[in-house]
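Below is one structure, written out as structure tokens, with a few remarks after it.
The values are calculated or read from the model by the stated rules, or taken from the named source; none is laboratory data. Every value quoted in this text rests on a predicted model; they were computed, and no experiment measured them. Using ideal geometry, Cβ is built from the backbone for each residue, glycine included, and neighbour counts are taken over all protein chains shown. These accessible areas exclude ligands, DNA and RNA; they are computed on the full protein's heavy atoms, side chains included. Shrake-Rupley method; radii C 1.70, N 1.55, O 1.52, S 1.80 Å.
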Amino acid sequence: MSAATKERRAELAAHLEAVRARITAATTAAGRADEPSLVVITKHFPRSDLDALVEIGVRDVGENREQEAAAKIAEGDGLPPGVRAHFVGQLQSKKAGAVARWADVVQSVDRSKLVAGLARAADREGREITALVQVNLDPAAAGEGRGGAAPEDVLALADEIAASSLTLGGVMAVAPRDADPDPAFARLAEIAAEVRARHPGATWVSAGMSGDLEAAVRHGATHLRVGSAILGSRPPQG
Ligand SMILES: *Cc1c(COP(=O)(O)O)cnc(C)c1O
């Protein structure tokens, strides 16, 4: 292993440890017994970083662009057994089949067309895919391309996923930009509870990123999606 590789691995390990400490502290502060799972978002960073993360114990990795992820994961060496690949980005319907080739979890399902496309592709590929309904918590951002189903459409979409060959995992959301994340995550928790009332197995609440994971933990997040706090800052527009 080269000195640069070693140094990068040590840096990632230190950042990972710091993030895990934040999660533990937030879990304790929230009076929760269960610590949320960590999904490390590797977008914009090379396959070598992903491999280093797996070596130091990361078991869930996420990407937000289909092409980049396919190159890094599907056309790379695949992922070692036991490591799950998550897709967290905006997805064009025609790319659903491509994502279904490598993703174990698609966190960003926000319309019917995607349910049908993913289910068809999962059947064809013989793969089991967990799908989360992405909820738009920021009405002002509707149509801005950040994605997410309107809160009033979430239950119908969850029903559709549950009736398909996909596994309904629960819900996912990104807090509104430049706003207090607490009310948004509180709203997400309510929506998640409504979904769970109909689909008891749909226990996932994916919320919280590098900047707001503490708020997400306070509001019951079961999965956190952390990128820059572990990998470093990305070029603008990620
Ligand atoms: C990039 C990304 C993250 C991680 O964001 P950081 O602020 O880098 O931690 C989480 N969720 C989604 C949907 C993302 O695209």
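For this structure, a couple of remarks:
- The range 54-68, residues that are away from the ligand (no atom under 12 Å from the Cβ) and either of a type in the set (A, V, I, L, M, F, W, C) or farther than 22 Å from A13 by Cα (or both): V54, I56, V58, E66, Q67
- Any hit, the range 75-85, residues being away from the ligand (no atom under 16 Å from the Cβ) and open to solvent by less than 10 Å² (accessible area, probe 1.4 Å): no
- In the range 157-177, the residues that are more than 17 Å from V205 (Cβ to Cβ) and open to solvent by 50 Å² or more (accessible area, probe 1.4 Å) reach residues that are part of a loop (DSSP other than H, G, I, E, B) and within 16 Å of the ligand (Cβ to nearest atom) with C-beta atoms within less than 9 angstrom, at least six apart or across chains, in these pairs: R177/D138; R177/R146.
- Just one of the listed residues (A156, A189, A121) is modelled with pLDDT of 95 or more, hydrophobic (A, V, I, L, M, F, W, C) and closer than 22 Å to V39 by Cα, and it is A189.
- Hey, R225 farther than 14 Å from V109 by Cα, in contact (Cβ under 8 Å) with a residue 24 or more places away in the chain and outside any helix (DSSP H, G or I) or not: yes
- Any hit, the range 42-56, residues being of a type in the set (A, V, I, L, M, F, W, C), on the phi < 0 side of the Ramachandran plot and open to solvent by 60 Å² or more (accessible area, probe 1.4 Å): no
- Unique match (being within 11 Å of the ligand (Cβ to nearest atom) and out of contact with any strand residue (DSSP E or B) (no Cβ under 8 Å at 6 or more places or on another chain)) among R234, R124: R234
- The criterion of at least 2 residues that are in contact with a Ser or Thr (Cβ under 8 Å, 6 or more places away or on another chain) is met by the following strands (runs of 3 or more DSSP E) wholly inside the range 5-87: 37-41, 60-63.
- Hits in the range 99-149 (condition: open to solvent by 20 Å² or more (accessible area, probe 1.4 Å), small (G, A, S) and outside any loop (DSSP other than H, G, I, E, B)): S112, A116, A140
- Applying the criterion of being within 16 Å of the ligand (Cβ to nearest atom) and modelled with pLDDT of 95 or more to the residues of the range 131-153, the residue that is nearest to A100 (Cα to Cα) is A131.
- Filter pass, L114 being over 27 Å from A197 (Cβ atoms) and either within 16 Å of the ligand (Cβ to nearest atom) or within 19 Å of the chain's Cα centre (by Cα) (or both): no
- Whichever residue in the range 186-213 is within 16 Å of P139 (Cβ to Cβ) and open to solvent by less than 40 Å² (accessible area, probe 1.4 Å) and, among such residues, is nearest to the ligand (Cβ to nearest atom): L188
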